[in-house]
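Notes follow the structure.
The values are calculated or read from the model by the stated rules, or taken from the named source; none is laboratory data. Bear in mind that the values here come from a model prediction, so they are computed numbers and not experimental data. Every residue, glycine as well, gets a Cβ built from its backbone with ideal geometry; the counts of neighbours run over all protein chains shown. With ligands, DNA and RNA removed, areas are computed over all heavy atoms of the protein, side chains included. Shrake-Rupley method; radii C 1.70, N 1.55, O 1.52, S 1.80 Å.
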Amino acid sequence: MRLRQAAVAVLGAVTLLVTVPSSSSAAQGIFEYAYVAPDGTTKWAKIDDPAGGECENFPEAADPNASEPAHSPRNRTTATATVFTEPDCEGDWFVLKPLTGQGTEAMKMRSVNFDS
């Protein structure tokens, strides 16, 4: 009888592990963007292997009162990237295809979200 109860307990634990949703998958690759540094020069930043399904603000461009928006995105990740004109994935948005999506200096953005 105890063997049967142990087997049922193990089966229940395995079932729980299989049915618990996993965390968002990460995109593989690099997302690059340009921003204007405080000294007025253009610099490049990147996000390596970004998490999927989470909004990421560009730290160099997230504050509309203190910085210019980032621009010229290059999506070299395996996920679709949606860039937003405002922090916290708000405002107008543009979609960049996986691996080859890119925008020009005219594409102004402050945050990004990657498909999971």
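Reported count of residues in the stretch 100-116, each being under 21 Å from Thr42 (Cα atoms) and of a type in the set (S, T, N, Q), is 3.
Does Ala51 satisfy the criteria of being surrounded by 11 or more Cβ atoms within 10 Å (Cβ to Cβ) and either at pLDDT below 90 or touching a His at 6+ places or on another chain (Cβ under 7 Å) (or both)? Spelling it out, it is not the case that Ala51 is surrounded by 11 or more Cβ atoms within 10 Å (Cβ to Cβ) and either at pLDDT below 90 or touching a His at 6+ places or on another chain (Cβ under 7 Å) (or both).
The listed residues are Ala106, Ala37, and the only one of them that is open to solvent by less than 80 Å² (accessible area, probe 1.4 Å) and in contact with a strand residue (DSSP E or B) (Cβ under 9 Å, 6 or more places away or on another chain) turns out to be Ala37.
Within the stretch 63-99, restricting attention to residues that are charged (D, E, K, R) and surrounded by fewer than 16 Cβ atoms within 10 Å (Cβ to Cβ), the residue that is nearest to Ala45 (Cα to Cα) is Glu68. When Phe31 is tested against (1) modelled with pLDDT of 95 or more; (2) on the phi > 0 side of the Ramachandran plot, only condition (2) is not met.
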